[in-house]
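Quick notes on the structure that follows.
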Amino acid sequence: MPRRRGNPNWTSGRLPPIPRLPTAFEEQVRKLGLNEQTCATSKQLEHWCELNRNRCYIPEWLLKHWGLSVDSDAA
């Protein structure tokens, strides 16, 4: 009997779940010890968002609250 080669389960379609990593914004919020209620009043977070608004995800409600706009063409 010929020896079978390869992974017999290659067609099963089961991949292990990909772990969800926090965004840079979430990391900054955690670093500053903020929660959803205190984000809007934090001057440090507002400054970080001004510097990183074209590079990192920032929730739209915060951008609106601070009057910041995002340049989608910025690299």
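The values are calculated or read from the model by the stated rules, or taken from the named source; none is laboratory data. Note that this is a predicted model, so its numbers are computed, not measured. Backbone-built Cβ (ideal geometry, glycine too); neighbour counts: all protein chains shown.
Structure notes:
- On inspection, L63 does not qualify as surrounded by 10 or more Cβ atoms within 10 Å (Cβ to Cβ) and either touching a helix residue (DSSP H, G or I) at 6+ places or on another chain (Cβ under 6 Å) or not in a helix (DSSP H, G or I) (or both).
- Just so you know, in the stretch 35-60 the residues that are within 13 Å of the chain's Cα centre (by Cα) and of a type in the set (D, E, K, R) include one that is surrounded by the fewest Cβ atoms within 10 Å (Cβ to Cβ), and it is R55.
- Hey, L34 among the hydrophobic types (A, V, I, L, M, F, W, C), in contact with a helix residue (DSSP H, G or I) (Cβ under 8 Å, 6 or more places away or on another chain) and free of Cβ contacts under 8 Å to residues at least 12 places away in the same chain or not: yes
- Hits in the stretch 19-34 - residues which are surrounded by 11 or more Cβ atoms within 10 Å (Cβ to Cβ), outside any helix (DSSP H, G or I) and under 12 Å from the mean Cα position of the chain (by Cα): T23
- If only residues of the stretch 1-38 that are modelled with pLDDT of 95 or more and among the acidic types (D, E) are counted, the one that is farthest from W61 (Cα to Cα) is E27.
- Residues located in the stretch 35-53, provided they are among the charged types (D, E, K, R) and in a loop (DSSP other than H, G, I, E, B): R53
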